[in-house]
Amino acid sequence: MPLVPMTAFLPRAKKEGFAVGQFNMNNLEFVQGIAAAAKEEQSPFIFGVSEGAMRYMGLEYVVAMAEIAAKESGVPVALHLDHGSNFDVVMKCIQAGFSSVMFDGSHHPYEENIALTKEVVKAAHAVGVSVEGELGTIGGVEDDLEVDEADAAMAKPDEAIRFWEETKVDALAIAVGTAHGMYKGEPKIHFDIIDEVAKQVEAPIVLHGGSGVPDAAIQESIRLGVGKINVNTESQVACTAVIREKLGNQPEMIDPRKYLGPGRDAIKETVQGKMRLFGSSGKA
């Protein structure tokens, strides 16, 4: 199956009350673990690729691995730029074969964010590529992103609604109290913001920082209109824990396949759990 835009499954997710997971590509083991989970669960999914991950793996490798994974898994797969910082990097990804992009203009003034996002939507939609936009400032640390909690800012519902009306993004990420990375305590999610925005916006709401959010909070977010949830750190933690245990117990081990393989299995297990929680299993 070829790569598809997020519009191939997100509208259905919001309508039927489930969410599709974005799971980030960090290396081959992540690609294989995520795809294997999706194949077994028969779940659509989104490969999230940050600019840092592209620098690490190489853009051509990223696209080739995603295409092979989509074919092998046999389920709908979107290859999605995560937190694209500018128009040029977005266009570079589209030209390389990405089926979906996120332009993160949340660090710009509100009016400028609208104007820049509209340019991305116009260019992307012209070639059948879906677009995610963001409003508000999501805190935490992950890859190239680092936002102090003091600088995190909740999205204002009226601004989020107008943002979608003017840009017509296919998915709308709004800051509602989650954060990138793992939480030190329990996140305080503003369900009222999700509820108010989701009722007025056709596009599914995106929850960034899905790692470590309690299951009940995830389920309530989906019930209110979240259709896409991003998970990366939780998979990284699971993979790294297994590798540390393997190397700790067998310090003489030098064959990377013997510790990366179990790490890959841990990624698969983590992703499967999320797909079941999000309700996307069996929705391919």
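The values are calculated or read from the model by the stated rules, or taken from the named source; none is laboratory data. Note that the coordinates shown come from a computational prediction; the quantities given were computed from them, not determined experimentally. Note that each Cβ is placed from the backbone with ideal geometry, even for glycine, and that neighbours are counted across all protein chains shown. Keep in mind that these areas ignore ligands, DNA and RNA; they rest on the heavy atoms of the full protein, side chains included. Shrake-Rupley method; radii C 1.70, N 1.55, O 1.52, S 1.80 Å.
Annotations
- Accessible-area value, ASP255, 1.4 Å probe, nucleic acids and ligands omitted, Å²: 40
- Cα centroid separation - the stretch 29-61 against the stretch 213-239, whole Å: 17
- Those lysines that a straight Cα-Cα span of less than 27 Å connects to LYS274, excepting residues fewer than 8 apart in one chain: LYS14, LYS15, LYS39, LYS71, LYS184, LYS188, LYS199, LYS228, LYS246, LYS258, LYS283
- Kirkwood Rh in Å, taken over all unlike Cα pairs in the chain: 18.7
- Accessible area (Å², 1.4 Å probe, nearest 10) - MET1: 100
- Residue order for GLU132, GLU60 - accessible surface, 1.4 angstrom probe, largest first: GLU60, GLU132
- Neighbour cut-off at most 12 other Cβ (10 Å), DSSP loop, GluC sites (Glu not before Pro), the stretch 194-272: GLU202, GLU252
- Global form of the stretch 1-87, assessed from the alpha-carbon gyration tensor, a/c cut-off 1.5: oblate
- For the chain, the relative contact order comes to 23 percent (Cα pairs under 8 Å, sequence separation of at least 6).
- Per residue accessible area of the stretch 41-112, 1.4 Å probe, in Å²: 40
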